[in-house]
1. Just how far, in whole angstrom, is region A:230-282 from region A:831-871 if you go by their alpha carbon centroids?
2. In chain A, if the dipole is taken from +1 on Lys/Arg beta carbons and -1 on Asp/Glu beta carbons about the Cα centre, which of A:T59, A:H410, A:S136 is farthest to the positive end?
3. Please give the per residue accessible area of chain A, computed with a probe of 1.4 Å over protein heavy atoms only, in Å².
4. Would you list which aspartates and glutamates come within 17 Å of A:K425, measuring only between C-alpha atoms, while excluding same-chain residues fewer than 8 positions from it?
5. Enter the Cα centre distance for the pair region A:405-447 and region A:602-632, rounded to the nearest angstrom.
6. Hey, if you put +1 on the Cβ of every Lys and Arg and -1 on every Asp and Glu Cβ in region A:627-728, which of A:Y639, A:Y674, A:L696 ends up farthest toward the positive end of that dipole?
7. Any idea how far apart A:E332 and A:R722 come out in nm if each label point goes 7 Å out from Cα toward Cβ?
8. Please say if region A:633-719 is rounded, prolate or oblate, where rounded means a/c under 1.5 for a ≥ b ≥ c the square roots of the C-alpha gyration tensor eigenvalues, and otherwise the choice is prolate for a/b larger than b/c and oblate otherwise?
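The values are calculated or read from the model by the stated rules, or taken from the named source; none is laboratory data. What you see is a predicted model; the values in this text were computed from it and never measured. No Cβ is skipped: glycine too gets one built from the backbone with ideal geometry, and neighbour counts run over all protein chains shown. SASA here: full protein model, heavy atoms, side chains in, ligands and nucleic acids out. Shrake-Rupley method; radii C 1.70, N 1.55, O 1.52, S 1.80 Å.
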Amino acid sequence: MSNLASRYNPAEVEEKWYAHWEYRGYFHSEPDDREPFSIVIPPPNVTGILHMGHMLNNTVQDILVRKARLDGKNACWVPGTDHASIATEAKVVRMLREKGIKKSDLTRTEFLKYAWEWTDKYGGIILKQLRRLGASCDWERTAFTMDDSRSSAVIQAFIDLYDRGKLYRDYRMVNWDPEGQTVLSNEEVLYSDETTTLCYVKYRVEGSDETITIATTRPETIMGDTAIAVHPDDPKYARLKGQNVIVPIVNRVVPVIFDDYVDREFGTGALKITPAHDPNDYEIGKRHELPTVDVLNPDGTMGEAATVYIGEDREVARKKLIRDLTEQGLMEKTEAYTHSVGRSERTNAIVEPRLSLQWYVDMKALARPALEAVISDHIQFHPERQKNIYRHWMENIRDWCISRQLWWGHRIPAYYYKDKVYVAKTREEALMLAEQDYGPMLDSHDLKQDEDVLDTWFSSWLWPITCFNGFENEKELSYYFPISVLVTGWDIIFLWVARMIMSGFEWKNDRAFKEVYFTGMVRDQQRRKMSKSLGNSPDAVDLIDRFGADGVRFGVLSSSPAGGDLLFDEKLCEQGRNFCNKMWNALRLIKGWEVDNSADNQDNRIAIRWIESRLSEILADLEDDYMNYRLSDITMKLYSFVRDDFCSWYLEMIKPQYGKGIDQDTLDKTIRIYSQVCTMLHPLMPFITEEIWHNLKPREEGEDCMISCYPKASDRDELLLRSMRSVQNLVSSIRETRNTKNLKPKEILPIYVQDNGQNLFSDDRFHAILKKLSFISEISVVTDLPPNGSSILSDNEKYFLQYDVEIDLDAEKARILSDLEYAKGFVASVQRKLSNDKFVNNAPEQVVSKERKKLADGLERVKILEENLTALQ
RNA sequence: GAGGGUAUAGCUCAGUUGGUUUAGAGCGCUUGCUUGACAGGCAAGAGGUCGGCAGUUCGAGUCUGCCUAUCCUCACCA
């Protein structure tokens, strides 16, 4: 018996092998003459920690990279992190606030010092956690979106776009995050239905006692009203033509205007117009040349122009205004109202429409080649349905707002002097340009760099190029680009994927990726997306501690059909852990065998030939599954191959009887087969397979599972595979009989095989299986029909099993009758089909002959069952 | 408002160009099994009129249309 523990212990094994692989340099890739396989990580936030989404995403990437490596490709997986402009800045601001420091009290330089300290302290934790998961990243290439190489590429990209006329600055209504105090792109605003109060407020008509009532959810913006709008065809309000109304609180006199934007059916059919605080009102304001009164400060508090509640938060002011309007008798009524509210993806603050001057990328031209490449499958999406979603967005693409009023990020390389803009790599260059326009006498202090930074995604959209320093150096990029496959969640298809594809065409005139595999979202058992705020995401590292990295990887994979969402259940990790244990015990079994060359190995040959055929059979399947990213299928196929075919059948067949040894040849071949299985499983479960690989036999230095050669499908013995399936059916039938008759599992039963000239045992080759079979299912084959035999049908072969239990004739008859009824129905339906001329004439020959075979088998079965029934009478 | 997805066993899902009146898997459930690798195990079993209605076809879980339910994306929302 081997001295291995009966339970697999992942902790020490994982640490040992990860260090070993890294020490051997297996993760590192340099361009050479092999076929490249490249992946770039979706860079997690630099100060983030590993969550379930990362686990899924990175497990998938690791599988693809490890598989490519085993296939002999030059595999390179570039890791890295994203500076995550707004998310990180928000964290730093929060940290400072806890220390009693306000961002507004700091200079830009002081703030950035804190931000870098924070990044140095917490940055890269997630990369360490990825190692625990087994991620085989090329750590020497670790990139950061704000390191020198990436930063200079971002600046260059901005300059390039500006020079090509694809960048512009414009004053528009934007999505404003009052907490982060920055503009957001449309993609960074998340909408959800929320219930608020809809206020019906009365406005006095100037010079009359009459009032007009409008409905609004935003009474705090009343002070910014510069008109009341009604529909031109609305008879209710026709009389108000040319009239003015008085805005409550501020008593401003504003006109009643007529615009067909107004929905006559909504509320009262009258709409207050606040051009500074609503995109539609802004448009209406432009049409009617209305003034714009901005009553809010950038931080969401009431501004000077509001005249009341100055400095109070908009939410607080809203409540107070509702109270005031009610007291003044101007509130007709209020009602609960549910509508869609946009919140900042990062700070969760309610987004405020606000007018401001920002930088935009003109997306129309960029989108064209990017759309075409995906529609034509030049870049292949998995699952394919994501193509539609992509197309829909690309066809309706809007310009991308890329400036952010933040400090943490890449500062916009635009310099302003008087009314001119100079876009340049450095201040010196900008100065030179300004001097060309204004002469060398200008006061250089008046040349001001843009205060804003760029959207985080403006650096990550260059990631496939910048990961290989592609703005500086063609050599590496020309080898690794296009990236073989991008693995990411579908939730960032617009924020990231679409834009990377656009940047690929813009700068490399090529597709950024050959394929894109979208993973689903990891959800909890109530189908809620896992998130920090819900607190429904398990601690990833804790899961690894409890189930082992391989167990967790198995758990994540086994329910991750290509692109579908994953309902995470810890139970699956437990199953993964148990599976590791199963493999571990198969190793213990093999290691425990003593070699005895006097043992007869003839019978084992057939078992070896069978398992090799099976292996070859699934290898072909797996190749196809890899092509289609069917990772859960791969997982389940290998799981059942190891558990059922290898352990339950193969090892049981060759297992020496108690106290006996095994011949060297069988042992060697078993070790070879198990090693191959390790290689096949390695991409999914790298640690345990490496451990078993090394335990199976002494290995040379550097002879590691991770860099072994992935087996190729070879010829297989189809007849043997079929026959073995028959044998398995028979064994199942015998076991079922034992179970239903309450027979002792170890009691040896005589079995008689009725030779019908075509059953397994009329073939000499299978006498070996027969012997093995008797060992597995505790039977002994007899040559005479036993006096008290009970018949078993396995396929169409008939066996008699003898046992010392009184046979319940009625029950037996009922069982046979029900089988018979079924078989007859089956035959009838096949006959019906075959007697249909249209079927026989139209269906392919293959299908028809298959039906004929079915009929023959069915008739045979009916015959046997009838004989059995007669025998019972 | 525009577009898209999904509906198969108690649960989560496969079912790959239509071809088994016998629709699979995992988990869960029931039953039986512990000196011999593994109870984190083994064996056996139960459980489904493939959301509904029409249609195409020799043949539909699979294709088409409509309906129902449910989810998602984008836009809008006083």
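1. Result: 80 Å between the Cα centres.
2. A:T59
3. 46 Å²
4. A:D147, A:D148, A:D160, A:D163, A:E435, A:D450, A:E451, A:D452, A:E472
5. Here the two parts' Cα centres lie 66 Å apart.
6. Among A:Y639, A:Y674, A:L696, the one farthest towards the positive end of the dipole of region A:627-728 is A:Y639.
7. With each label placed 7 Å out from Cα toward Cβ, I get 8.4 nm.
8. oblate
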